[in-house]
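The values are calculated or read from the model by the stated rules, or taken from the named source; none is laboratory data. Predicted, not measured: the structure shown is a model, and the values here were computed from it. Methodologically, a virtual Cβ is constructed for each residue, glycine included, from the backbone with ideal geometry; neighbour enumeration extends over all protein chains shown. Areas reflect the complete protein model, heavy atoms only, side chains present, ligands, DNA and RNA absent. Shrake-Rupley method; radii C 1.70, N 1.55, O 1.52, S 1.80 Å.
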Amino acid sequence: MSEQTAAADFAALLRELKDRSGLSYGVLAKRLHMSTSTLHRYCNGDAVPADYAPVERLARLCKARSEELVELHRRWVLADAVRGRKPAAVAGTPSVEEGADTGPGEAAAADAPPAEEPSAAPVGPTITSPVQEAPEAGTTDPAPSRRRTRTAVLAGIAVAAVAAGVTFAVGLPGGGGSDGDAGAGRQRPVGAAGVTAEESTTASASPTSSSSASPSTSAKEKSPTRTPAGSAPAGAPDGEKQKGGVPVTVQADPYAWESPCSQRYLADQPVSEMKPPPVEEGAAAWVAAHGAVSSGQQYLRVTVQGAGPETVVIDGLTVRVAGKRAPLAWNDYAMAYPGVGCGGGVQTRAFAVGLDSARPSLAPEPGNDDFPFKVSESDPEVYYITASVSSYDVDWYLELKWSSGDRSGTLTVDDQGRPFRTSGNKGRPAYEFPIGGDGWVPEGTTKLE
């Protein structure tokens, strides 16, 4: 699906909801705290919001039904996924590897003086090609300088590959705790988007094949543009482009709110130094500014989408505990304003997990189906996970298992390379922020008119 088509489909439904509400752009923009021109661009398809939170608030102001909220979210995911996607390279364009052994470029490399070889290449054993090509009839054996250049290039490639593998193989931060499910000593590549990849391929024709982690796959998987990992070089046949790569992308939002009424944070700062409650899209910055931790429960939104046209089966999500300690002795801050009503979130694939359990596991909320589910590039899935805790301060993450044809693998879902963190809040001083007030006050003391 092209960027223009996805944006147009998203804008069409947004515009339908707006027109049905009978409210003007000016009225809606004022209630959403955004400019009229920005809202107009969203509804015309000229721009796609970077965050889903303002889209959901707009839809709720327009009295969207549950099924419309789900469809709007699906269209936003598609439009966001193709935002700024560059066109594919023209088929048949030779890659660097394809042109490395032919043409005048090779002769130039062979004739280059030794001083132009990479000076930073580490000293080590010489790596040469295992197959020595025989010279063609009527030609002479390649010059010694050509063989030396090829040897140096191969050595540099091998060293770079090893260095890349070491760079991305880092351990999961444990947060100072320990647990039987923490997977001590386990190494995994860390992804910038909160997702890391470990793929295993089982070839039906080869009974001796085995599972292994792929550092190169992990490096591409961490791209914030959600580019499919393991893409083939330009000019590769269509059937080869996804072969050997992770066919699914995952995006985790640990600062989503089911509703402001249910969201609370613990912070180790006095009331006088705390900023007012943020709106949902500002929650990440607010949490970072105060060093806050989700209090009592954490609402996690996980968006899963295929990286290509083939269908990928999501076999399940497993909860892993990386650390468990006594709950934090910090102040508890409620995000809701006293007296303001709150609506429920969209619950299409909703799960709950109790982190106090010795072995926490996801369970579907009433009325929701359990795994497995299917995804593709045009049919994403969104999972909402409510993690509750009362007796501990818990570091945790998720493992998403997928399969596609004869391939399968596991993606580690976390908070940009760190585990999610949720702490109990029993007995902690709780505070609220009155509308029109100038500071936090003890919870329950605000007088409502």
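First compute the accessible area of segment 18-62 with a 1.4 Å probe, then give the percent of it belonging to carbon and sulfur atoms. Please list the in-between numbers first.
Values: 1130 of 2280 Å².
Here it works out to 50 percent.
Can you list residues from other chains, or at least 5 along the same chain, whose modelled amide H is less than 5 Å from the amide H of CYS62?
none
Which residues in segment 306-338 place their backbone N less than 11 Å from a point set 7 Å from the Cα of LYS426 along the Cα-to-Cβ direction?
Under cut-off, by backbone N: 327.
When ranked by the protection proxy of mean other Cβ atoms within 10 Å per residue, highest first, what sequence do the peptides 369-378, 52-61 form?
Working: 369-378: 15.2, 52-61: 19.3.
Top of the packing list down: 52-61, 369-378.
Under a 1.4 Å probe, what is the accessible area of segment 363-408 per residue, stated in Å²? If you can, show how the numbers build up before the last one.
Working: 1780 Å² over 46 residues.
Solvent-accessible surface per residue comes out at 39 Å².
Residue-wise, which Karplus ³J(HN,Hα) couplings in Hz belong to segment 293-307, taking 6.51 cos²θ - 1.76 cosθ + 1.60, θ = phi - 60°, and x for glycine or proline?
Computed from phi, the couplings for segment 293-307 are 9, 4, 10, x, 7, 10, 9, 10, 10, 10, 9, 10, 9, x, 8 Hz.
Would you work out what percent of the accessible area of segment 354-403, with all protein chains in place, is carbon or sulfur (probe 1.4 Å)? Before the final figure, lay out the partial values.
Numbers: 900 of 2050 Å².
Within segment 354-403, the accessible surface is 44 percent carbon and sulfur.
Give me the accessible area per residue for segment 1-81, probe 1.4 Å, as a whole number in Å².
Working: 3950 Å² over 81 residues.
Result: 49 Å² of accessible area for each residue.
Please list the non-local residues whose amide H lies under 5 Å from the amide H of ASP379, H modeled 1.01 Å from N, same-chain partners needing a gap of 5 or more.
So ASP379 has HN proximity to GLY306.
Could you list which residues have their amide H under 5 Å from that of ARG349, counting only those 5 or more apart in sequence or on another chain, with H placed in the peptide plane?
When sequence neighbours closer than 5 places are left aside, the close amide H contacts are TYR384.
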